[in-house]
Amino acid sequence: MVRGLIAKLEVGGHRTAAVELRDGFSCLNGLTDGWALFLEAIEKVCSTHAEAFAPDEREALDSIRAAARTAVYRR
């Protein structure tokens, strides 16, 4: 899902957002700190770019953000 969204954003002209997501995604290392870095990247994209996304792109980003939050804040 993440790679698909990144590709779609690149094709749709949202290169900066795609790069930020890709950089955050590359931080995943199976540990909570990697997920936290990825979540930071997602939050940045949400706050600075998401308004320009198509509805399905925003929905995918929200789903990814929810999954990342669960990974970071699981108890």
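The numbers here are math on the coordinates, done by the rules we state, and not lab data. This structure is a prediction, so every number in the text was calculated from the model and none was measured. Quick reminder, even Gly has a Cβ in these numbers, built from the backbone with ideal geometry, and neighbours come from all protein chains shown.
Details
- Yes/no for Ala36 being under 16 Å from Tyr73 (Cβ atoms), surrounded by fewer than 19 Cβ atoms within 10 Å (Cβ to Cβ) and not polar (S, T, N, Q): yes
- Helices (runs of 4 or more DSSP H) completely within the chain that count 3 or more residues being under 9 Å from the mean Cα position of the chain (by Cα) and without any contact (Cβ under 8 Å) to a residue 40 or more places away in the chain: 15-25, 32-48, 55-73
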